[in-house]
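A short worksheet on the structure shown next.
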Amino acid sequence: MSSKKISSPKELKKFAQQMQEARQEYRCCVLICMTGCRALGAANVAAAFREKLAVAKLDKEVAVVETGCIGLCARAPVVLIEPYEYLYGGVKPDDVDKIIETTIRNGEPVESLVSIEDGKSLPKIDEVGFYKEQRKVVLGNCGRIDPKNIEDAIACGCYEAAAKALCSMTPEEVIEEVTKADLRGRGGAGFSTGVKWGFCRKSPGNEKYLICNADEGDPGAFMDRALKEGDPHRVIEGMMIAAYAIGASKGFVYVRAEYPIAVEHIGIALYQARQYGLLGKNIFSSGFDFDIEVRIGAGAFVCGEETALIASLEGKRGMPRPRPPFPAQSGYHGKPTNINNVETFANVPLIINKGAKWYSSIGTKGGRGTKIFALAGKVNNTGLVEVPMGSTLRQIVFDIGGGIPEGGKFKAAQMGGPSGGCVPEQFLDLGIDYDSVKDIGAIMGSGGLIVMDESTCMVDVARYFLQFCQSESCGKCTPCRVGTKDMLHILDNICECKAAADDLNRLERLADHVGKASLCGLGQTAPNPVMTTLQYFRNEYEDHIERKQCPAFVCTTMLSFHIDPERCTGCGACARVCPVEAISGEKKKTHVIDQGICIRCGACLGACPPRFAAVYRRSGELTRYEKQKEPKSKN
Amino acid sequence: MHFPFGDGTKHVIIRKKPNILEKLLQIIAGEPIGEYNPSISKQYMLSGELCYRRQNMQSNKEVFLDKTTALKICESMGRITSDSLIPILQQIQDAYGYLPAEILSEVSKHTGLNANQMYGVATFYEQFHLEPRGRHTIKCCRGTACHVRGGREIISALERELEVEEGQTTEDMRFTFETVACLGTCFLAPVIMINNDYYGNVKPGKIKSILDRYE
């Protein structure tokens, strides 16, 4: 369309209205998630829609929009049909004909594609349990608009808050509003955003910088990715307001390279914003200049720490430095710098638009507003979830997440990635906010929420996270570099049956020291997963050490597979799948697993037909009865 | 490329004179690295441009490294500051597939960026590689969700299938296999990513058929 610049709030409003009218020319809208769902063939579905709508001569009245994440990733590829609000999951190109015929022509839902809960089919998105309990505020536009199209974003009210802030508020008023709303950093530590901006505003100097931390490196977190991919303009708008508040004229978005779609969408969004004069010189004729540059991370988890991120921007090894001075005093090239997380910026336009009072009415005292969680792991409805602060884990895991698959039992939820902790079952009804989570030893973190069931070994989980922190440790300070390695060594020993009785105490002591003495957040929080699992699942550690047993059948050194001679019929199914030929036996005769050769992959367990169920696994010592049945080893 | 610092074996002070640095690099790059030995021979003229030649031990063919691409990248950056270092390295890696020592020393000469710092940065970040890479890169996620859903079995199945370990390249230069902390697509767990294609809900039995799609 035209490259007409928008130079006042009035023009923005007019343009938004025009765009809304242009949208209404279509009587129906097919929204297809083209970010996460792309991996499961959403592109083919979109192509099929375009082709078949053109054949049916409906392409003038039905729009096909490629959107960001709609949320219910478990049923990818997901398609949403407006204005009927029908949500279809697992859509294949072959289903398109049916959707056009039933829904687009007649307005009826396609029964085979809708969600089914308790035997009832729920075609409308608001009826689905996954969405019913959610409150989509920050993610309001995500999955509803085309992220590659600024006109769509403006039609949905994007940049209104920026216009309001720039033209009718002073920077101090903006900071006060954000402080009053009690917005806390969504990146992990939960520091007050308004206060942080205030520090930077007050720092002397004319040259200030704003950085958007989009280096979402926590394993199990994908909220920021969804925001960047699905609604990049909201993040840019939040950055504009923040830059105005602190007095910066240059901003950076530091995105990790593992998110190519996010990099692409932000690049497009920035280009379009510049075309419309929403970035650049004299924005909205307010005299305020601001532009944003995208920097792509080079793959270092520690660069999520603010001082390390700044070092990385400056072209150095991404290592943190001691604070103070804080970045607000001396950051990027020694200039006052403010760093916030993607989700924090995405919250800002809401506060400016609707006011601090409205915003702080959502949530609890320990955290205002909503929080986006990336729900994954052993849960039915994996996906992106936005709930008010203070929601309980039970609501998130069971009401929204639909519970544990295959009738499993909830064991723990891992919150906050490698810096967080494991929250056990007894806290399922605890309202989650910054303070309450901290009290039980975890942290809110960036919002990764991994559900674990009985088949997860907590020692192994702790070891996994520690391994992550250890390999991502930049090596600058000794407690983190040496301490995590030492802790990992102990955990390795525990998992491999080599631990001594005193090792748990040593582990605890080390964890305490590493947490207290490390330089940056990575080292300070690295022991958290170990500490929380030790606190809530100490019995599992003791089982590993004393009884040489892994209750969840995960630690392979303690695991052994056996064939029950009374049940084995000699069908040979197990021997065929064994990758190392450890199973021997003649046809129709009892088979035997050679424990010396067995690599404990578990293939035989899966291959044994359920009607025989002759293969069984044991962790630790066999019972006396089982030992008797076990054939004598040839060696 | 083995620079004389970092691994603690040698300590050589590099002065700013570029010819000394280049010489050093040549000597150092001649050292055996793992199983193959990339040796730099003399400078060659190829299509009127100065090129470096090095032996590719896997295929035993000579590979010509054309420095013009690298110089073009540097020029496209505009004014070079320390900030430009990571973007330059990223683009060079995109163009060459890895960071060849000879090209880096050319870039250092051309831009005035410190080769020492360049090596420091290249070895710090996981994304940068100083050795040639396979035609396809397999990234196997070892994120939490994948781990819980059996990602470890996928890793060992891939290692068995490719007959290499994590971080290595197959002998025929077809695949480089690495693991990453998290691909951010946990709802597809366990996930592997080959080049830019995601494969979700992967089972060990499916791996061979997935790999067969890549030549």
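No lab work stands behind these numbers, since they all come straight from the coordinates. Bear in mind the structure is a predicted one, so any value in this text is a computation, not a measurement. Neighbour counts run over all protein chains shown; Cβ positions are idealised from the backbone, glycine included.
How many nm is it between the label spots at A:ILE268 and A:ARG394, if each spot is 7 Å from the Cα in line with the beta carbon?
Going from the A:ILE268 label point to the A:ARG394 one covers 4.3 nm.
Per 0.36 nm of contour for each residue apart, how much would the distance between A:LYS202 and A:GLU621 grow if the chain were fully extended, relative to their Cα-Cα spacing?
Fully extending the segment from A:LYS202 to A:GLU621 adds 144.2 nm.
How large is ³J(HN,Hα), in whole Hz, for each residue of segment A:248-261 in order, when computed from phi with the Karplus curve 6.51 cos²θ - 1.76 cosθ + 1.60 and θ = phi - 60°, using x for Gly and Pro?
Whole-Hz 3J(HN,Hα) from phi for segment A:248-261: 9, 10, 9, x, 10, 10, 9, 9, 7, 5, 6, 10, x, 5.
Between segment A:329-344 and segment A:403-448, how many Å separate their Cα centres?
So the separation of the two Cα centres works out to 30 Å.
Using a/c under 1.5 as the rounded threshold, could you call segment A:1-77 rounded, prolate or oblate? The axes a ≥ b ≥ c are square roots of the C-alpha gyration tensor eigenvalues, and prolate needs a/b larger than b/c, oblate otherwise.
oblate
Taking Cα centroids, how far is segment A:71-116 from segment A:217-232 in Å?
Cα centroid of segment A:71-116 versus Cα centroid of segment A:217-232: 25 Å apart.
Can you work out the FRET efficiency for the pair B:ARG135 and B:HIS110, with r the C-beta to C-beta distance and R0 = 30 Å, to the nearest 0.05?
Plugging the Cβ-Cβ distance into 1/(1 + (r/R0)^6) gives 0.55.
Can you run phi through the Karplus equation (6.51, -1.76, 1.60; θ = phi - 60°) for segment A:13-27 and list ³J(HN,Hα) in whole Hz, with x for Gly and Pro?
4, 5, 5, 4, 4, 4, 5, 5, 5, 4, 5, 6, 5, 8, 7
Evaluate peptide B:185-198: per residue, the Cβ atoms of other protein chains within 10 Å of its Cβ; return the mean as an integer.
Partner-chain Cβ atoms within 10 Å, mean over residues of B:185-198: 5.
Return the long-range amide H neighbours of A:ARG184 (sequence gap of 5 or more, or a different chain), with a cut-off of under 5 Å between placed amide H atoms.
Amide H neighbours of A:ARG184: A:THR193, A:ARG368.
Mind checking the full-extension length gain between A:LYS14 and A:LYS485? Use 0.36 nm per residue of separation minus the Cα-Cα distance, one decimal, nm.
So the extension gain works out to 163.6 nm.
Taking just the C-alpha trace of segment A:51-192, give me its Rg and Dmax in Å.
Using the Cα atoms of segment A:51-192, the pair Rg, Dmax is 19.6, 57 Å.
Along the three principal axes, how long is the protein assembly as shown when you take its alpha carbons, biggest first, rounded to the nearest angstrom?
Largest first, the protein assembly as shown extends 88, 76, 60 Å along its Cα principal axes.
What is the projected area of the convex hull of the Cα atoms of segment B:136-211, averaged over all directions, in nm²?
4.2 nm²
So who's got an amide H within less than 5 Å of the one on A:ASN381, skipping anything under 5 residues away but keeping other chains? H placed 1.01 Å off N, in plane.
A:GLY402, A:GLY403
Go through A:286-292, A:42-48, B:208-214 and give me the packing order, highest mean Cβ count within 10 Å leading.
A:42-48, A:286-292, B:208-214
Per-residue HN-Hα couplings for segment A:542-548, Karplus 6.51 cos²θ - 1.76 cosθ + 1.60 at θ = phi - 60°, whole Hz, x for Gly and Pro?
Rounded to whole hertz, the list is 5, 4, 5, 7, 7, 9, 6.
For chain A, what's the relative contact order in percent, using C-alpha pairs closer than 8 Å and at least 6 residues apart?
So the answer I get is 11 percent.
Could you tell me the calculated FRET efficiency between A:SER285 and A:LYS548, based on Cβ-Cβ distance and R0 = 60 angstrom, to the nearest 0.05?
So, using R0 = 60 Å, E works out to roughly 0.20.
For segment A:194-343, how big is Rg over Rh, using alpha carbon atoms and the Kirkwood form of Rh?
0.95
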